[in-house]
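Here the structure is laid out as structure tokens; the discussion comes afterwards.
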């Protein structure tokens, strides 16, 4: 599984590659660009659910400005998927530890 090395305002480093845009990390280890936005939408949650994660980590940005839309939250809850929400700089330890023994996905807001 991929590992998050670091996160700072405006960037996140995953497996040695630094991204300056919002990203998805899928359970397969694939990292994809996410459309910028402060709302994590149902469509975005459906995108990561295609790989059947046990847990979805939501990186809410450096200042915690991004939020999980209520219909997106309900979809995750209905599927029995654990939701972990935290500010993006705090995501590293949680994501890396959980990825050792769980199918984990992440939807990460990077810029703010």
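Each value in this text was obtained by applying a stated rule to the coordinates, not by laboratory testing. For clarity, every value in this text was computed on a predicted model and none was experimentally measured.
Here are the numbers:
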read-out	value
Relative contact order (percent, whole number), the chain, Cα cutoff 8 Å, 6+ residue spacing	38 percent
For the chain, calculated [θ]222 nm from helices alone, where every DSSP H run of n ≥ 4 adds -39500 (n - 2.57)	-6000 deg cm²/dmol
Cα-based equivalent ellipsoid, the chain: semi-axes from gyration tensor eigenvalues, Å	19, 16, 12
Inter-centroid distance (Cα atoms) of segment 77-112 relative to segment 44-72, Å	8 Å
